[in-house]
1. If the requirement is being outside any helix (DSSP H, G or I), surrounded by 12 or more Cβ atoms within 10 Å (Cβ to Cβ) and in contact with a Gly (Cβ under 7 Å, 6 or more places away or on another chain), which of these qualifies: P6, P48?
2. Go through segment 74-115 and report how many residues are within 18 Å of G25 (Cβ to Cβ) and among the aliphatic types (A, V, I, L, M).
3. Can G70 be described as small (G, A, S) and at pLDDT 95 or above?
4. Given the conditions (1) under 16 Å from the mean Cα position of the chain (by Cα); (2) within 18 Å of P6 (Cα to Cα), report the number of the one that L18 does not fulfil.
5. Can you tell me which residues in segment 151-166 are at pLDDT 95 or above, more than 28 Å from A7 (Cα to Cα) and not in a strand (DSSP E or B)?
6. Of the residues in segment 116-150, how many are out of contact with any Ser or Thr (no Cβ under 7 Å at 6 or more places or on another chain) and part of a strand (DSSP E or B)?
7. From the set of residues in segment 14-42 that are among the hydrophobic types (A, V, I, L, M, F, W, C) and assigned to a helix (DSSP H, G or I), which is surrounded by the fewest Cβ atoms within 10 Å (Cβ to Cβ)?
8. Pick out the one residue from D97, D84 that is in a loop (DSSP other than H, G, I, E, B) and modelled with pLDDT under 95.
Amino acid sequence: MLPELPADDRMSIATERLDLVPLTGADADDLFSLLEDPMLGRFTGDAPPDDVEVVRERFAVWEPRRSPDGGELWLNWVVRRRDDGRAVGHLQATVGDRETSIAWTIGSAFQRQGFATEAGRAIVAWLRDTLAVASIVGFIHPDNVASQIVARRVGLRPTDRPRDGEIVWELAPPS
């Protein structure tokens, strides 16, 4: 059974340096320049969006925070630096009946600054505390070393289970 969708005011998350704010179509303008970098899709196979309208339409599909069939919660956040409000990337959590998958995209210019780790830790804590999610996984390409490092830092561990050419990483049980 899916957890209840939290109210908007319970979706915002603050960390030491970042504000994670529920993603809307209006965030397309801020994120388009990051997402048009072809390097971001090298491990996922995603092509850069053609224009900002493509991004706006994609975000609008996510905005209701439910899959079209209602079987999953689609939770997405824009990641903004607190000091200047600049968007540095976005995070998503797909909450299903049995497991929740998380993923992060941080713009190339903002990588290697700990933003993915900081935001990822916040999302994992929020999913556990707010939605009482027990099973959290990530799907990471075997050659994506940067995402593997982030995954380890947020508490995920690799399994021996592949899925669609990626390795399933799962949250280690609380100690």
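The values are calculated or read from the model by the stated rules, or taken from the named source; none is laboratory data. Keep in mind the model is a prediction, meaning the values are calculated, not measured. Glycine gets a Cβ as well: all are built from the backbone with ideal geometry, and neighbour counts include every protein chain shown.
1. P48
2. 5
3. Details: small (G, A, S): yes; at pLDDT 95 or above: no.
When the stated conditions are applied, G70 does not pass them.
4. (2)
5. R152, R153
6. Number satisfying all stated conditions: 0.
7. Taking the candidates together, the pick is M39.
8. Testing whether each residue is in a loop (DSSP other than H, G, I, E, B) and modelled with pLDDT under 95 leaves just D97.
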